[in-house]
1. Check off (1) under 24 Å from Ala174 (Cα atoms); (2) among the basic types (Lys, Arg); (3) modelled with pLDDT under 90 for Lys50 and give me the number that stays unchecked.
2. Can you find a residue that is surrounded by 15 or more Cβ atoms within 10 Å (Cβ to Cβ), closer than 23 Å to Leu9 by Cα, over 15 Å from the mean Cα position of the chain (by Cα) and without any contact (Cβ under 8 Å) to a residue 40 or more places away in the chain anywhere in segment 148-164?
3. Can you name the residue in segment 60-71 that is open to solvent by 40 Å² or more (accessible area, probe 1.4 Å) and either assigned to a helix (DSSP H, G or I) or in contact with a strand residue (DSSP E or B) (Cβ under 6 Å, 6 or more places away or on another chain) (or both) and is also nearest to Leu45 (Cα to Cα) among such residues?
4. Consider Asp123 carefully, then state whether it is closer than 30 Å to Val14 by Cα, among the acidic types (Asp, Glu) and either touching a residue at least 60 places away in the same chain (Cβ under 8 Å) or open to solvent by less than 40 Å² (accessible area, probe 1.4 Å) (or both).
5. Looking only at segment 1-52, which residues are in a loop (DSSP other than H, G, I, E, B), more than 28 Å from Asn117 (Cβ to Cβ) and open to solvent by 70 Å² or more (accessible area, probe 1.4 Å)?
6. So which of Ile137, Ile145, Ile112 is modelled with pLDDT of 95 or more, open to solvent by 30 Å² or more (accessible area, probe 1.4 Å) and either closer than 16 Å to Thr52 by Cα or not charged (D, E, K, R) (or both)?
7. Which residues, taken from segment 53-97, are within 18 Å of Asp110 (Cα to Cα) and of a type in the set (A, V, I, L, M)?
Amino acid sequence: MKALEEKILREGTVLPGNILKVGSFLNHQIDVDFLMEMGREIARLFADAKVTKVFTIETSGVPVATAAAMHVPMVYAKKHKSGNLSGDLYTTVVHSYTHNTDYNIVVSKDYIQPGDNLLLVDDFLANGKALEGLIDIAAQAGAKIAGASCAIEKGFQGGGDRLRAAGVNLKSLAIIESAEPGNIVFRDDD
């Protein structure tokens with residue numbers, strides 16, 4: 001998505017550790033009009049996939065997933081079991097590259113069922129652990145994966161390439177090939 005690449009170049013900053021800061025429009029302050037444009041593009045990419053639900057992980061994946069859902073329910077895995085979660089739960093461990101911590105993510109069995117055809121959506125894809133966690137929960141539920149999409153994929157970290165090699169229909173809106181302060185290079189669309 002050329003508009004996203006241009007916005008990253010204009011507003012993004014590469015921090016030490018190859019952390020891309022896009023807080024001005026994606027994961028601290030939200031540019032709602034642009035978020036909806038990204039959501040429409042994700043919906044277009046998976047228009048023929050017969051998606052029944054969009055599935056993500058809290059917190060920063062929720063806006064992108066909500067924008068992509070448009071006409072189907074959106075479900076998000078919680079990073080911590082809270083008092084308002086009761087009954088049977090699906091659970092798995094996900095390692096966050098950005099926060100360098102493990103989360104025990106949980107989803108009520110009320111919201112993901114056998115027969116669901118899930119579109120996985122997140123804001124970033126680095127090492128692929130978040131999407132792998134969502135895939136694990138889908139498998140526990142007996143649900144299918146229609147595909148996956150991320151707003152920004154860090155191609156140089158290999159998570160997206162590994163998921164594609166494993167058969168996941170992954171379509172990221174922007175794939176960064178390399179990122180250093182003052183120099184962000186995107187993967188060609190070919």
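The values are calculated or read from the model by the stated rules, or taken from the named source; none is laboratory data. Here the structure is a predicted model, which means the values were calculated and not measured. Cβ: placed from backbone, ideal geometry, glycine included. Neighbour counts: every protein chain shown. All accessible areas refer to the heavy atoms of the entire protein, side chains included, with ligands and DNA or RNA removed. Shrake-Rupley method; radii C 1.70, N 1.55, O 1.52, S 1.80 Å.
1. (3)
2. no
3. Checking each candidate, the answer is Thr66.
4. Values: closer than 30 Å to Val14 by Cα: yes; among the acidic types (Asp, Glu): yes; either touching a residue at least 60 places away in the same chain (Cβ under 8 Å) or open to solvent by less than 40 Å² (accessible area, probe 1.4 Å) (or both): yes.
Considered against the rule, which asks whether it is closer than 30 Å to Val14 by Cα, among the acidic types (Asp, Glu) and either touching a residue at least 60 places away in the same chain (Cβ under 8 Å) or open to solvent by less than 40 Å² (accessible area, probe 1.4 Å) (or both), Asp123 comes out as yes.
5. Pro16, His28, Gln29
6. On inspection, the qualifying residue turns out to be Ile145.
7. Once the filter is applied, which keeps residues that are within 18 Å of Asp110 (Cα to Cα) and of a type in the set (A, V, I, L, M), segment 53-97 yields Val54, Ile57, Val72, Met74, Val75, Ala77, Leu85, Leu89.
Let's see how each residue does on (1) in a strand (DSSP E or B); (2) in contact (Cβ under 8 Å) with a residue 40 or more places away in the chain:
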position: Val106; (1), (2): yes, no
position: Ile112; (1), (2): no, yes
position: Asn127; (1), (2): no, no
position: Glu132; (1), (2): no, no
position: Ile135; (1), (2): no, no
position: Ala138; (1), (2): no, yes
position: Ala146; (1), (2): yes, yes
